[in-house]
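These notes concern the structure reproduced below.
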Amino acid sequence: MVVTLRLPSLTSLFSPSISVRYPALLRPHRQLRPLPSSARFSAQSTASETGNRADSQKSRVQDRAVTPRSKNFNAWYLDVIESAELADYGPVRGTMVIRPYGYAIWEAIQDYLNAKFKETGHSNMYFPQFIPYSFIEKEASHVEGFSPELAVVTIGGGKELEEKLVVRPTSETIVNHMFTQWIHSYRDLPLMINQWANVTRWEMRTKPFVRTLEFLWQEGHTAHATPEEAEKEAIQMIEVYIKFAYEQTAIPVIAGRKSKVETFAGADRTYTIEAMMGDRKALQAGTSHNLGQNFSRAFSTQFTDENGQREHVWQTSWAISTRFVGGIIMTHGDDTGLMLPPRIAPVQVVIVPIWKSDTDRQGVISAASSVKEVLQIAGIRVKLDDTEQKTPGWKFNFWEMKGVPLRIEIGPRDVSSRSVVISRRDVPGKQGKVFGISMEPEILMAYVKDKLDEVQSSLLERATSFRDSNIVDVTSYDELKVAISEGKWARGPWSASDADELKVKEETGATIRCFPFDQPQGGVQTCLMTGSPAEEVAIFAKSY
């Protein structure tokens with residue numbers, strides 16, 4: 001069946017703003033340039049010749065393929081996505097094609113979370129992508145919140161549809177429609193499911209991974225007999241996200257409750273994890289919603305309790321999407337390119353063999369293959385780059401761009417000494433390079449595992465230090481405005497109205513990211529806006 005979308009006006013697709021939103025779309029694709037011949041690290045160098053390696057480092061600095069992060073953060077971000085081969089632009093404005101390396105990062109996210117979801121009692125399933133428009137209209141705040149972002153199907157099979165269909169923006173409505181058919185008694189509860197799916201939201205200002213017309217995510221949906229069970233579930237799932245962010249992606253998120261203004265359309269409460277990016281903007285990296293009975297009342301999702309009474313179920317929903325990939329890029333990347341935490345890196349170790357002659361080549365490749373096998377047996381994700389079309393220096397540059405945590409270099413003299421050279425991606429230059437690491441399997445495996453753990457910890461410590469040094473405690477609105485104008489996050493006591501919150505957004509561009517779970521001790525404070533008593537502090541920041 002051929003389905004035609006009747007979409008909003010296409011005038012904006014051809015506006016001058018495209019060159020601002022998508023600078024990479026209008027310029028020639030950049031490729032990593034070969035190193036100049038005067039400094040080229042050719043296949044005729046040996047792995048233990050420190051001078052040649054130093055020359056190669058210098059040439060790579062001169063041939064950097066990305067805009068410096070400090071010069072233009074947005075251009076740097078787009079350059080990294082392109083040069084590290086994470087994604088490309090789709091033919092429809094605002095869409096992207098996730099390339100294998102970018103998708104491998106998403107798969108690492110999936111693998112971890114999928115296991116955690118099952119450990120906490122959830123089962124995977126799948127719901128249709130097309131949702132009757134009448135479903136969206138049943139929950140008033142939900143339709144109001146999502147209406148501007150909907151893609152609507154009006155023609156199918158060449159005929160006008162009797163009822164418009166919405167291309168899934170989220171699944172609370174269709175989930176409730178099905179829950180109503182599956183839930184009858186308290187014995188059917190709790191019902192806890194998750195789906196891995198794509199979502200369409202008609203965003204007008206897009207950014208690869210962070211905000212696109214279509215993106216990938218997981219969305220969990222649960223139904224419970226009591227409000228206490230629903231609240232416990234919502235908190236449990238935000239805690240899963242917190243642990244994932246810290247332990248797997250080395251991103252020190254701040255978790256808390258959203259303000260009423262920022263709460264998900266149709267939820268009673270929204271819990272969030274907020275991450276500080278390298279430009280100090282906030283990224284909402286994951287959310288968990290306590291939906292109360294809002295959707296169950298709209299869809300008459302009821303059950304018979306133990307006393308024979310009919311009750312509406314209490315519900316939650318929670319999600320993380322491919323925007324987390326963007327968060328990883330913007331948290332850890334540097335001027336060289338991507339920098340990946342080892343636990344989610346598709347390739348944890350790259351081996352670059354270096355030989356002088358055909359005679360040397362055979363011995364070097366044999367040793368490199370043995371090292372690869374040793375690391376694979378240890379469960380380490382390793383890549384042997386034995387291609388002959390590129391120089392070792394070019395390979396160094398390429399794999400650094402792709403953020404591989406460790407690089408192993410093996411040349412003829414290394415083969416003779418039964419040792420390797422290991423470089424850390426997170427420590428540039430000579431400081432991150434260690435010579436003479438034994439090829440003995442037990443020694444090498446232990447050393448590599450230890451260094452991967454060090455890189456993981458180092459990235460988290462670095463990101464935490466950066467975050468903490470850019471959060472300012474404020475006690476007045478004037479102090480808040482100064483902090484925001486300096487690009488920092490502002491943390492201060494807040495009990496003001498929704499109107500006051502919108503005023504802050506209008507005047508500073510900042511929103512309340514959350515009321516952190518981790519609140520200061522000391523009792524009631526004074527609201528920075530009104531001077532009234534305030535029991536909580538809120539964090540304000542500009543965001544993506």
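Nothing in this text is a laboratory measurement; each read-out follows from the coordinates by a stated rule. Remember, it's a predicted structure, so these values are computed and weren't measured experimentally. Virtual Cβ from ideal backbone geometry, glycine too; neighbours counted across all protein chains shown.
Where does each of 292-302, 188-198 land if you order them by average Cβ count within 10 Å, highest first?
292-302, 188-198
Given labels modelled 7 Å from the Cα in the Cβ direction, how far is it in nm from Thr526 to Val97?
6.0 nm
In terms of the ratio Rg/(2.2 N^0.38 Å) built on C-alpha atoms, what value belongs to segment 79-332? Please report the intermediate quantities before stating the final value.
Working: Rg = 18.5 Å, N = 254, 2.2 N^0.38 = 18.0 Å.
My calculation over the Cα atoms of segment 79-332 gives 1.03.
Just to be sure I understand the model, the point goes 7 Å from the Cα along the line to the Cβ. What's the resulting Ser543 to Ile365 distance in nm?
Once both label points are built, they end up 5.3 nm from each other.
For helix 441-469, what angle does its Cα long axis make with the longest principal axis of the chain, in degrees from 0 to 90 and rounded to 10?
50 degrees
Please determine, in degrees from 0 to 90 and to the nearest 10, the orientation of helix 227-247 with respect to the longest principal axis defined by the Cα atoms of the chain, where the helix direction is its Cα long axis.
Value to nearest ten degrees: 10.
Please state the charge dipole magnitude for segment 349-456, taken about the Cα centre, from unit charges on C-beta atoms (+1 on K and R, -1 on D and E), reported in debye and rounded to the nearest 20. Walk me through the numbers on the way to the answer.
On the way: 17 positive and 15 negative charges, 59 e Å.
With Lys and Arg at +1 and Asp and Glu at -1, about 280 debye.
Can you tell me what share of the DSSP beta bridges in segment 349-456 is antiparallel? A percent to the nearest 5 is fine.
On the way: 8 of 16 bridges.
Close to 50 percent.
Suppose a student asked you for the relative contact order of the chain, using Cα pairs under 8 Å spaced at least 6 residues apart; what percent would you report?
15 percent
Quick check on segment 471-542: of the DSSP beta bridges with both residues there, what percent are antiparallel, nearest 5%?
Values: 9 of 12 bridges.
Of those bridges, close to 75 percent are antiparallel.
Any idea how far the Cα center of segment 495-535 sits from the one of segment 108-169, in Å?
34 Å
At what distance in nm do the modelled label points of Ala75 and Glu461 sit from each other, each positioned 7 Å from its Cα along Cα→Cβ?
The modelled label-to-label distance comes out at 3.4 nm.
If you take the alpha carbon radius of gyration of segment 403-544 and divide it by 2.2 N^0.38 Å, what ratio comes out, to two decimals? Walk me through the intermediate numbers first.
Working: Rg = 24.3 Å, N = 142, 2.2 N^0.38 = 14.5 Å.
Dividing the Cα radius of gyration by 2.2 N^0.38 Å gives 1.68.
Antiparallel versus total DSSP beta bridges in the chain: what percent is that, nearest 5?
Numbers: 72 of 87 bridges.
Of those bridges, close to 85 percent are antiparallel.
Going by average Cβ neighbours within 10 Å, how do the peptides 70-78, 406-414 rank, with the highest at the top?
Descending mean neighbour count gives 406-414, 70-78.
Starting at 0 and stepping by 10 Å, how many percent of the alpha carbon pairs of the chain end up in each bin?
Percent of pairs per bin, in order: 3, 16, 23, 24, 18, 10, 5, 1, 0.
Longer than 22 Å from Cα to Cα, which of Lys383/Lys433; Lys71/Lys207; Lys207/Lys390 are they? Say none if no pair is.
Numbers: Lys383/Lys433 19 Å; Lys71/Lys207 19 Å; Lys207/Lys390 32 Å.
Pairs exceeding the cut-off: Lys207/Lys390.
Quickly rank 493-502, 178-187 as a protection proxy: mean count of other C-beta atoms within 10 Å, highest first.
Values: 493-502: 16.7, 178-187: 14.8.
For the peptides 493-502, 178-187, the packing ranking is 493-502, 178-187.
For segment 386-544, what's the relative contact order in percent, using C-alpha pairs closer than 8 Å and at least 6 residues apart? Walk me through the numbers on the way to the answer.
Working: 204 pairs, mean separation 25.2, N = 159.
Contact order relative to length: 16 percent.
Specify the angular offset, from 0 to 90 degrees and rounded to the nearest 10, of the alpha carbon long axis of helix 323-332 from the longest principal axis of the alpha carbons in the chain.
50 degrees
How far is the Cα center of segment 170-219 from the Cα center of segment 327-386, in Å?
Cα centres, segment 170-219 to segment 327-386: 38 Å.
Starting from the amide H of Arg513, placed 1.01 Å from N in the peptide plane, find each other amide H under 5 Å away whose residue is 5 or more places distant or on another chain.
Ile539, Phe540, Ala541
Tell me the mean residue ellipticity at 222 nm calculated for the chain from its helices only (DSSP H runs of n ≥ 4, each -39500 (n - 2.57), averaged over every residue, nearest 500). Present the calculation step by step, with values, prior to reporting the outcome.
Details: 17 runs with 199 residues, N = 544.
Mean residue ellipticity at 222 nm (helix-derived): -11500 deg cm²/dmol.
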